[in-house]
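Here is the structure we will look at, set down as structure tokens.
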Amino acid sequence: YKRQVSTQSTGGVLNTSVVVEDLKVLQKQKKKYGRYRVWYLCTTARTIRLCGVFIYSFLRSYNCEVWIKAILAKFAEHTFTFLYYTITFIVACYVCYHKKWLWNISYCWLEYPYHIDEDVLWYFLFQGSFYFAALIQLLTSGWNEKIMITHHIVTLLLIGLSYISGHTRVGMLVFMVHDCSDIFMELAKVALYTKADRIKNVCFVIFAVVFFISRLIVYPFHIIKSVLLESAPTAHLTPYGGMKLYYIFLALLISLQIMHIYWMFLICRMILRFLREDMDVKKDIRSDDDENLKED
């Protein structure tokens, strides 16, 4: 039996000396429990332990390969999204830097209706294609991420309505407010899959701070406030709906803010766990699956 276990064990998983010692102890109890009962116990022990060896060998040869492929796929996915958000934020800063409405949001409405700049138009088309592809991926992957699906649908509706109504200036501001925090979230996920714990924790803290400033201060008290108070006088000039489109646009912006508050609650809960337990960020606070380390 010892020779058989040794040939079946892989990687030193099973300590055969312990197995044999266990059997010797059982065999010493023959007088106390009877020969048949000891034989039954010994046979059961052999069966359970050998089955464990076979099962472990199979799982290690199959599941490890699947697990490694899944980790590499997630690493590639979040590396791409990190590069995407970084590039789009830099491009948005370049496009909007010389625009006066970046520094004074009132110009989003004072000159309405206005001609849409070509660089802004291409930026909208690029972002819209990305979020459409991301929505298709969520719907076809089988993940139970209802809030992320809702977020992508709301984002696509805002992109479409901003383009149709000509409110691309405020749309650019919304893009910039969201992308600046997503950069650090995706970088933290990349660090998670590369086991760079220090970088992961630092990026998560930066993400939490930037998320709070951009989405709970700048977004509601600067962008939504301007849409609510300053854009109302020009709402009747909006084509394809007028005031009705204005109310839909405002409702979509507020629904995004509700999601931001929910995500900030999850971030705060993660920070408390981060401080109380092992000072290690392990999950995405905005996902319901095992790859959790947010968005948007």
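The values are calculated or read from the model by the stated rules, or taken from the named source; none is laboratory data. Note that the structure is predicted; figures quoted are calculated from it, not measured. Please note: Cβ atoms are built from the backbone with ideal geometry, for glycine as well, and neighbour counts cover all protein chains shown. Calculation scope for accessible area: heavy atoms of the full protein, side chains included, ligands and nucleic acids excluded. Shrake-Rupley method; radii C 1.70, N 1.55, O 1.52, S 1.80 Å.
Test I159 against the stated conditions and say whether it is touching a Gly at 6+ places or on another chain (Cβ under 6 Å), under 20 Å from Q257 (Cα atoms) and open to solvent by 10 Å² or more (accessible area, probe 1.4 Å).
yes
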Filtered residue count, the stretch 61-74, keeping only those that are at pLDDT 75 or above and open to solvent by 70 Å² or more (accessible area, probe 1.4 Å): 1
Complete set of residues in the stretch 75-120 that are touching a Gly at 6+ places or on another chain (Cβ under 9 Å) and crowded, with 17+ Cβ neighbours inside 10 Å: Y112, V120
Restricting the stretch 89-116 to residues that are at pLDDT 85 or above and not in a helix (DSSP H, G or I), the residue that is nearest to E186 (Cα to Cα): Y97
Lone qualifier among F207, F221 - being under 23 Å from H151 (Cβ atoms) and open to solvent by 10 Å² or more (accessible area, probe 1.4 Å): F221
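For every residue, the table says whether it meets (1) touching a Cys at 6+ places or on another chain (Cβ under 8 Å); (2) over 30 Å from T79 (Cβ atoms).
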{"residue": "L158", "(1), (2)": "no, no"}
{"residue": "S165", "(1), (2)": "no, yes"}
{"residue": "F175", "(1), (2)": "no, no"}
{"residue": "C180", "(1), (2)": "no, no"}
{"residue": "A188", "(1), (2)": "yes, no"}
Residue that is nearest to K100 (Cα to Cα) [pool: residues in the stretch 132-185 that are of a type in the set (S, T, N, Q) and touching a helix residue (DSSP H, G or I) at 6+ places or on another chain (Cβ under 7 Å)]: T168
Neighbours by Cβ (under 8 Å, 6+ apart or cross-chain): first from the stretch 157-182, over 16 Å from D117 (Cα atoms); second surrounded by 23 or more Cβ atoms within 10 Å (Cβ to Cβ) and β-branched (V, I, T): none
Residue check for F249: assigned to a helix (DSSP H, G or I) and open to solvent by 30 Å² or more (accessible area, probe 1.4 Å): no
